Structure formats: structure tokens, C-alpha cells
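The values are calculated or read from the model by the stated rules, or taken from the named source; none is laboratory data. Just so it is clear, the model here is predicted, and its values are computed rather than measured. FYI the Cβ positions are ideal-geometry reconstructions off the backbone, even for glycines, and counts take in every protein chain you see. To get the accessible areas, we keep the full protein, side chains included, count just its heavy atoms, and leave off ligands, DNA and RNA. Shrake-Rupley method; radii C 1.70, N 1.55, O 1.52, S 1.80 Å.
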Amino acid sequence: MQTSKLKRAAIGLAAACACLVVLGVVLVWVALPMTGQGPSQPRSDGLPKASDGARGGDSAVAWFSLEGDALTVKIDEDSVSYAEVYNYPTFGPSGRRSLNDAAAIKNLIGLVNGKTFTAAQSVSAWNKSREGYVGGYSSAVSFFDESGSRCGIIQFNPGFPGDGVAIIAQDTIYCMDDDQAALIDALDELVGRLRDEQPPQETGR
């Protein structure tokens, strides 16, 4: 009789312990999503950072001049060997496509050469204004010489000040003056044309 009582007590104790373990697991599972969860971070659009773009004397090829708040594009068309077009989200994970069409490259250079871009906003202020933002749309075209040195990069993002065409230089967003429609249309046309082409291979540039 005593043995039976002891067995029932042991079974009851084991059951209580099991219930406590299950309860603890449930509480931990419920608490996890509530801890360490800050606001959603902005999605990286893959565009070159300001330090990878134009920074006065930092570029191997001088392709613009700065005077006060005005930046003027001066790309040497003869030095451009090829270009790359970037787009998010159309081009998927790689974000870029090679552009070897000489006529298209010449057209793009002609749309920006000699144009002025006016300082509009610091990169840090723009990034701060986009905190928590996910998604979006952006394009860019980079021009390279035979050695692989970038000799120009123009970006388009509807979220930039003005109509969205800009150059990032010295941690500042410089927005294109005058009409930007022709350049935006040319970039959109190239994105559509290059959508299904293979992305360029990494070359260590």
C-alpha cells in the first residue's frame, strides 16, 4: 500500500515537472519575438557608396569640376571603353549589366557632358530621411576606361531631391539642373533592353 502511494506521488511529481518545462518553453518562445526587434532597416539598393563614386581628387580619372555648390560633368568620351547599367529591382541580385553598345554609351555621355549639378543635400541627411524605408527604385550608369577605372557615374532615384538624377560627390548629392527627362527615358530603355542579359563577372575592380 505504501509502495503504491509512493509510486503515485512520484508520477505526480514527474508530471508537474514536465508541465513546468513545457510552460517554460512556451514562455521563452513567446518572449523571443518581443526582444531585440527594432524598426525595419532600410534595404541596401546596391548603388556605389559616396566613397565609391566621385570624390574630387579620389577618382583615378577626373571627370567633373567643382566650383562652390556647382558640379560640372567633363567626361572624356574618347577614354570610355565600356559602361555598366545598374538597376534595382529589375536586374535581380547582381543589380548590373554590361553595356558595350558604343552608340548608346555616346548618347548617354552626350546627355550629361557639360551639364551642371547643384548641391542639394548631404548623403547622411538623405540616409537618415530614409530610415525604415524598404523597397524603391533606382538606376545608374557607370563609365569605365580600358584599365577599368571609373570615369563617370550618374544615378537616378525618384527619392533624390529634384527630379531624381544626381551625382554623389564629397558626401553630397548634386542634382542635375534643367530637363532630365531624356536621360531618365534613355536609362529606362536600357534597363528594359538589358533585363534578360547575363550580369558581368566580378573582375576585382
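Some points to look at:
- Filter pass, Val61 being open to solvent by less than 50 Å² (accessible area, probe 1.4 Å), at pLDDT 90 or above and not basic (Lys, Arg): no
- Residues of the range 164-179 that turn out to be in contact (Cβ under 8 Å) with a residue 24 or more places away in the chain and either in a helix (DSSP H, G or I) or surrounded by fewer than 19 Cβ atoms within 10 Å (Cβ to Cβ) (or both), as a count: 4
- Boolean, Tyr174 is at pLDDT 95 or above and in contact with a strand residue (DSSP E or B) (Cβ under 8 Å, 6 or more places away or on another chain): yes
- One residue alone among Arg150, Arg193 is basic (Lys, Arg), free of Cβ contacts under 8 Å to residues at least 40 places away in the same chain and surrounded by 14 or more Cβ atoms within 10 Å (Cβ to Cβ), and that residue is Arg193.
- Taking (1) among the β-branched types (Val, Ile, Thr); (2) in contact with a Lys or Arg (Cβ under 9 Å, 6 or more places away or on another chain); (3) within 16 Å of Leu183 (Cα to Cα) in turn, Ile75 satisfies each apart from (2).
- Within the option set Gly114, Gly135, being without any contact (Cβ under 8 Å) to a residue 60 or more places away in the chain, open to solvent by 10 Å² or more (accessible area, probe 1.4 Å) and farther than 22 Å from Pro200 by Cα holds for one residue only, Gly114.
- Against the conditions (1) under 17 Å from the mean Cα position of the chain (by Cα); (2) loosely packed, with under 15 Cβ neighbours inside 10 Å, Val141 satisfies every one except (2).
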